[in-house]
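Structure first, commentary second.
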Amino acid sequence: MKLTLASPLVREFIGKNAGNDAYRVIKCLSKGLTDEQISKKTRLEVNEIRAALNRLHYLGVIVYSKEKAARSNWYTYTWFLKPERINELLLDNLQEEREKLARKMEMETGYVFFKCSNGCEKLPFELAFEYDFKCPECGNPMSQQGDSRELKTIEKRIELVERSLGKLARNG
Ligand SMILES: [Zn+2]
């Protein structure tokens, strides 16, 4: 298995670092194309494409060759994708994110909250302890709560990152 350009993480990475137009541009670059050819394929304006190409080139994920037209001083640029560079950048990015997520997970599981059954405001352990685990608003007993929705979101993201890292690593 290999991460393809259609992978949501590739889309997210390119979108974040070079913009959504840039993602549309690289998706059509399976072979070398000129600005005009890219414009036809993406239906983006040539000036939008040039801006996207500049950002992609700055990221190092595309290269060009230029050719001078026979009877003018105009150069034609043909752009090529460097998929291995995208993989490299993505790998670095995902490893970094995995560390951040692990720290976030630690934080989330490290803070314990207490809440009554009436849905009043949740309190951190220290405060709940001061109130003798009785809700200061309604007087009901408070029990321990984990913010399971937030944790689930982090867990899901970690899963996606791990899975993609596995694919990238196997890809070399
Ligand atoms: Zn309450």
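Please treat every number below as a calculation from the coordinates, not as lab data. As the structure is a computational prediction, the values presented were derived from the model and not from experiment. All Cβ positions, even for glycine, are placed from backbone atoms using ideal geometry, and neighbour counts span all protein chains on display.
With the convex hull drawn over the C-alpha atoms of the stretch 85-172, the volume per residue is 86 Å³. Across the stretch 95-170, C-alpha contacts under 8 Å between residues 6 or more apart give a mean separation that, scaled by the residue count, equals a relative contact order of 32 percent.
Once the Cα gyration tensor of the chain is diagonalised, what are the square roots of 5 times its eigenvalues, in whole Å and ordered largest first, as equivalent ellipsoid semi-axes? Show your work: numbers first, answer last.
Working: eigenvalues 539, 59, 26 Å².
Largest first, the chain gives 52, 17, 11 Å.
Of 16/152; 27/104; 16/115; 82/152, which sit over 28 Å apart, Cα to Cα? As for pairs spanning more than 28 Å Cα to Cα, those are 27/104; 16/115; 82/152. Roughly speaking, what is the centre-to-centre gap between the stretch 95-172 and the stretch 1-48 when only Cα atoms are used, to the nearest Å? The stretch 95-172 and the stretch 1-48 have Cα centres spaced 37 Å from each other. To the nearest 0.05, how large is the calculated FRET efficiency for residue 77 and residue 43 if R₀ is 25 Å and r is the Cβ-Cβ distance? Computed FRET efficiency for residue 77 and residue 43: 0.80. Relative to the dominant Cα principal axis of the chain, helix 83-110 is inclined by about 10°. For the chain, the longest principal axis of the alpha carbon atoms and the long axis of helix 8-18 meet at an angle near 70°.
Projected over all directions and averaged, the alpha-carbon convex hull of the stretch 70-134 occupies 10.0 nm². For a straight C-alpha distance cut-off of 14 angstrom, the aspartates and glutamates reachable from residue 40 (same-chain residues fewer than eight places away being disregarded) are 21, 48.
Hey, what D do you get for the stretch 8-81 in µm²/s if you plug the Kirkwood alpha-carbon radius into Stokes-Einstein at 4 °C and 1.567 mPa s? All intermediate terms of the calculation are to be shown ahead of the outcome.
Values: Rh = 12.5 Å.
For the chosen part, D equals 104 µm²/s.
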